């Protein structure tokens, strides 16, 4: 038996035994967590959650919203807001080049996508971070799109849901990006004054300036399983305190245990959970 | 107090050492060398002026971190009277990296909150190098609410390398603590005047720096990440910190141009630590003006303006979408 066959889970092995087929590139995926070899299509049908070990793979902002929202009546908010390079920032690369590269790789023009739509007929606005776009970092465009999403909620009396996935503030915009922390939270203060719900979903990873601004201000704070969530990165902490970090440190389960979040929700149950929470908070009848 | 000189101030240090020597010699010298001393002092003065006229952002960040720079407690001592320090977050602990309490400013009751660094090794450790933990931000939050309850204006003083990156800090919710302060400051129903006196280090600084007026000392810095941090991430080497400091735009002058701060408070030649009395007078004057200005507005107007200002942060363009 070759090393490859040894690696295959029995189910897949059966299917492939007998005839030898030419397997096209990109048909398989290996689970980053349990090493199970999976069909891409199986993984996709399972919302990118490993069917063997439940590992929640990172997904793009658009896939996230596509999975989350009802198919009818979607409308994107803030696509007209586009990035500038106010500092003419250049490290080993120019900021504009990094932006162009990220655009090419992700097909997005910044790291936040906001959409108005519904979940199981409950109308709401949902925002999702694109981690593939410069680490989901928050700059002026993210802040403005976030605020425009919240404003639609205030105008139309809707709930706001945000799926965070970010390394933090975008250094290439300097202090402007730090100010987005103040801007996003101030918008949420207004949402709160209107007694409209904000549901914050923390996905892998939610760190730094995003974590330390709106992420924990949800009326309900949800995390996906085993997501890395925290203020400082594990490496920075390790270097500062010079000790090994405890097992599971800064993971969703650790946060739940420490009282930092309300619940951990499997991606496949996210629609049900959030639809129910929104109707409960807005004192509306349940949805089926 | 003997002044500690920074690397780029070495020419001044040498001159000052010479002046000291001459002073010492003068005591048992028959010849009058006081004229020479005066001449050298003038030279030292103009040398300081010259060096400080063209400081690089990296040099400014060294001045902002100067070990003798006035800290929050120095300002409290010089600018306020009847200070009553209030301790603890009522949940976990008292964080000595943030200091706060009630005081009088020109006779009027105010709340003062600021980061506090230590001078000697023992005090530095006690103050955790000015790096607050969640309990520090929660103490600050408690005092903000207290200020609101009794309708007293809030003064904050910002001087921190950043919020503390530690295990306990994460366990107790560093992110939530900072985020909550941003949220509450955005709608706190009293005038809030923020003064960046030294290092404005990232989210840990911002958690005390959302207000109606944000002002900055001439040689203070305010940045999204420390120059060293930025350099080690983007250049993969902390040695590139001077370049990072240059490009990130961390100085008062640059931030004023970008409209991110309202006002710069000039420092005496050679930095605030060279002349405490002068800097205290300057800060007091600016605080008075800022407070008087804000008190001319109703709370509603103040909050509306604060909100508009927060919403206005950001530089982006709008394009037509097909």
Per residue of A:29-38, count partner chain C-beta atoms within 10 Å of its C-beta, then hand back the mean as an integer. 0
Computed from the beta carbon distance with a Förster radius of 25 Å, FRET efficiency for residue B:123 and residue A:240 to the nearest 0.05 stands at 0.80
Percent breakdown of C-alpha pair distances by 10 Å bin, ordered from the shortest bin, for chain A: 6, 26, 32, 23, 10, 3, 0
Applying 1/(1 + (r/R0)^6) with R0 = 51 Å to the Cβ-Cβ distance of residue A:93 and residue A:157, what FRET efficiency is obtained, to the nearest 0.05? 0.70
Taking every residue in B:181-190, how many Cβ atoms of other protein chains lie within 10 Å of its Cβ, on average? 5
Rounded to 10°, Cα long-axis angle of helix A:175-193 versus longest principal axis of chain A: 80 degrees
Taking the square root of 5λ for each eigenvalue of the C-alpha gyration tensor of region A:44-178, the equivalent ellipsoid has semi-axes, largest first and in whole angstrom, of 26, 20, 11
Based on the alpha carbon coordinates of region B:9-54, what radius of gyration and maximum Cα-Cα distance (Dmax) apply, in Å? 11.8, 41
By counting other Cβ atoms within 10 Å of each Cβ, how are A:131, B:150 ranked from fewest to most? B:150, A:131
Pairs of alpha carbons in the protein assembly as shown whose separation is greater than 44 Å (percent): 25 percent
Ellipticity estimate at 222 nm from DSSP helix runs (n ≥ 4, -39,500 (n - 2.57)) divided over chain B, nearest 500: -14500 deg cm²/dmol
Along Cα→Cβ, 7 Å out, is where each label goes; now give me the distance between the ones at residue B:53 and residue B:321 in nm to one decimal. 5.2 nm
Hey, got the average number of other protein chain Cβ atoms within 10 angstrom for residues in B:161-167? 6
Evaluated at q = 0.10 Å⁻¹: base-10 log I(q)/I(0), Debye formula over Cα of region B:61-312: -0.44
Among A:128, A:182, A:169, determine the one that fluctuates most according to a GNM of chain A built with springs between C-alpha atoms less than 10 Å apart. A:182
Extension gain (nm, one decimal) between residue B:285 and residue B:299, 0.36 nm per residue minus Cα-Cα: 2.7 nm
Pull out a ≥ b ≥ c, the square roots of the eigenvalues of the alpha-carbon gyration tensor of region B:252-322, then state rounded if a/c is under 1.5, prolate if not and a/b is larger than b/c, and oblate in the remaining case. oblate
Explain nothing, just the number: relative contact order of region A:59-282, from Cα pairs under 8 Å at least 6 residues apart, as a whole percent. 17 percent
What ranking do B:289, B:267, A:193 get, fewest neighbouring Cβ atoms within 10 angstrom at the top? A:193, B:289, B:267
Per 0.36 nm of contour for each residue apart, how much would the distance between residue B:42 and residue B:236 grow if the chain were fully extended, relative to their Cα-Cα spacing? 65.5 nm
If each of residue A:35 and residue B:104 carries a label point 7 Å out from its Cα toward its Cβ, how far apart are those two points in nm? 7.4 nm
For a Förster distance of 30 Å, can you work out the FRET efficiency between the beta-carbons of residue A:105 and residue B:257, rounded to the nearest 0.05? 0.35
Given the options B:80, B:157, B:24, state which has the largest fluctuation in a GNM of chain B using a 10 Å cut-off (strictly under) for Cα springs. B:24
Hey, for a label at residue B:92 modelled as a point 7 Å past Cα toward Cβ, could you say which residues of region B:106-137 have their backbone N under 11 Å away? B:133-137
Using Cα centres only, tell me the gap between region A:103-152 and region B:236-270 in whole Å. 31 Å
What is the angle, in °, between the Cα long axis of helix A:140-156 and the longest principal axis of the Cα atoms in chain A? Nearest 10 is fine, range 0 to 90. 70 degrees
Taking only DSSP H segments of four or more residues, each worth -39500 (n - 2.57), what value at 222 nm results for chain A once the sum is divided by all its residues, to the nearest 500 deg cm²/dmol? -10500 deg cm²/dmol
How tilted is helix B:34-53 with respect to the longest principal axis of chain B? Cα atoms for both, answer in degrees (0 to 90, nearest 10). 40 degrees
Listed residues A:242, A:62, A:145; largest mean-square fluctuation, Gaussian network over chain A with Cα springs below 10 Å, found at A:242
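A short reminder: the numbers here are calculations on the coordinates, not readings from a lab. Bear in mind the structure is a predicted one, so any value in this text is a computation, not a measurement. So basically every Cβ, Gly included, is an ideal-geometry build from the backbone, and we count neighbours across all protein chains shown.
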